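Presented below is the structure to which this report refers.
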There are 2 protein chains.
Amino acid sequence: MTARTSTESARDIPEATVARLPVYLRALTTLSEAGTGTCSSEALAAAAGVNSAKLRKDLSYLGSYGTRGVGYDVDYLRYQIAREIGVTQDWPVVIVGIGNLGHALANYSGFRSRGFRTVALLDADPARHGEMVAGIQVRPFVDLESIVAEHGVAIGVIATPAVAAQAVADRMVACGITSILNFAAGVLSVPAGVDVRKVDLSVELQVLAYHEQRKAQGELA
Amino acid sequence: MTARTSTESARDIPEATVARLPVYLRALTTLSEAGTGTCSSEALAAAAGVNSAKLRKDLSYLGSYGTRGVGYDVDYLRYQIAREIGVTQDWPVVIVGIGNLGHALANYSGFRSRGFRTVALLDADPARHGEMVAGIQVRPFVDLESIVAEHGVAIGVIATPAVAAQAVADRMVACGITSILNFAAGVLSVPAGVDVRKVDLSVELQVLAYHEQRKAQGELA
DNA sequence: TCCGTTTTGTTCTCCCGTTCACAAACTCCT
DNA sequence: AGGAGTTTGTGAACGGGAGAACAAAACGGA
């Protein structure tokens, strides 16, 4: 509203909004593929599973990309969100730990289709080296540094057992990786400036169990 | 919805706290295995990666299980949290969609060790039926109803492609499942009273990409 | 017993995120 | 051209969670 230079991306997008932008992006992609040219905040909010007021406020952090009385141009908004998130560019990614989960991640098509390119699969176990997974050869973990340097990797994925996770993270940070997606149990300690996001499968189930237990308790009342 | 009667367990634990209890539980287990008998909120908070004041407030929702001037008895607190979450009991779980991710989930030891027992692996693809995964035979999806009835399953995991997810969820709900962990992309629509938690791998990477992009922009300023 | 030390449980304040509600802005129809 | 109908963008109220700070409680030593 005040000083807002058009080139300046000094917009401070709230973290909660950032986490929803990918959801909107996916909903817009679905709409676009269905041939929808324009959509209202109400329709998009329904497709994304959120409140329409929240959606509009989220989008307002990016700019005014809608038209009052009309709605949003699906493809235009999709591009704007993609640009804001950064998925218009190509992100090389390294996956460390090629067990069951590493296999699944390497084969997950949702990464590549969103601008994430797996440039290497690494594992400390020599028995795995050379194995082909998703068209990529599994290489020794010690190759990390050269791979990061060669491809300019900024994002690393940890899919190792919990005991190895911290050591892997330390090495990643030392090699210059500044964003880590961690699937291993436990807390990772990294220096400031490095982002870590954690996905903990058993935590999710335990939260469900808590609510399930409460439902059961309520029934026998 | 049904009125929440006065017999409710009095404690209305905030959702944010519920999500952290499993983390504390894991930290306590680690401490216990290391032979630690007692720990302060400071120490436990460090192990769990949270602020100590937040930890104490979280625990205070469960009751007063600590001793001032001393700290918490590791095993006692561990049991209390486990009981509160509900992981002292056995939770039968069904996994639907035995692709790469389904394989990984079926083999994930973190489930079983926390009270979750995979009672069935289901897939719609007849080519997969009979295959043994993690010691369990893959069965047809249509067996869902009988399995849920037989084992009293309340929790279902969806690891199918996005297009099938809603149909699977509908069927799960129809069979009596009231908690769903969804790994498929897109929004699930379920009736009130059914809990859904969603894990979206590509969303996590996109959030990292956003921050990564901002770091890069800042550097060239 | 009494005092100093340690650590919990809790209160208070601040901040972030959600939601409501409405004016502004645009389209369409007459 | 003008009014009716839509839909966005945003100001404001509201609720919940995070963290600082402190009083209460327990222990240990003299």
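The values are calculated or read from the model by the stated rules, or taken from the named source; none is laboratory data. Everything quoted here is computed from the prediction, not taken from an experiment. Here Cβ is always computed from backbone atoms with ideal geometry, including for glycine, and neighbour counts include all displayed protein chains. Heavy atoms of the whole protein, side chains included, go into the accessibility calculation; ligands, DNA and RNA do not. Shrake-Rupley method; radii C 1.70, N 1.55, O 1.52, S 1.80 Å.
A few comments on the model shown:
- Spans of strands (runs of 3 or more DSSP E) in segment B:128-193 with at least 3 residues among the aliphatic types (A, V, I, L, M) and within 14 Å of chain A (Cβ to nearest Cβ): B:155-158
- If the condition is being part of a helix (DSSP H, G or I) and either hydroxyl-bearing (Ser, Thr, Tyr) or open to solvent by less than 20 Å² (accessible area, probe 1.4 Å) (or both), then segment B:194-221 contributes B:Leu201, B:Ser202, B:Val203, B:Leu205, B:Gln206, B:Val207, B:Leu208, B:Ala209, B:Tyr210, B:Glu212.
- Within segment B:104-125, tally of residues that are closer than 19 Å to B:Leu25 by Cα and out of contact with any strand residue (DSSP E or B) (no Cβ under 7 Å at 6 or more places or on another chain): 6
- Residue that is farthest from DNA strand D (Cβ to nearest atom) [pool: residues in segment B:41-99 that are among the polar types (S, T, N, Q) and free of Cβ contacts under 8 Å to residues at least 24 places away in the same chain]: B:Gln80
- Residue list for segment A:104-124, filter: open to solvent by 30 Å² or more (accessible area, probe 1.4 Å), part of a helix (DSSP H, G or I) and touching a Leu at 6+ places or on another chain (Cβ under 9 Å): A:Asn107
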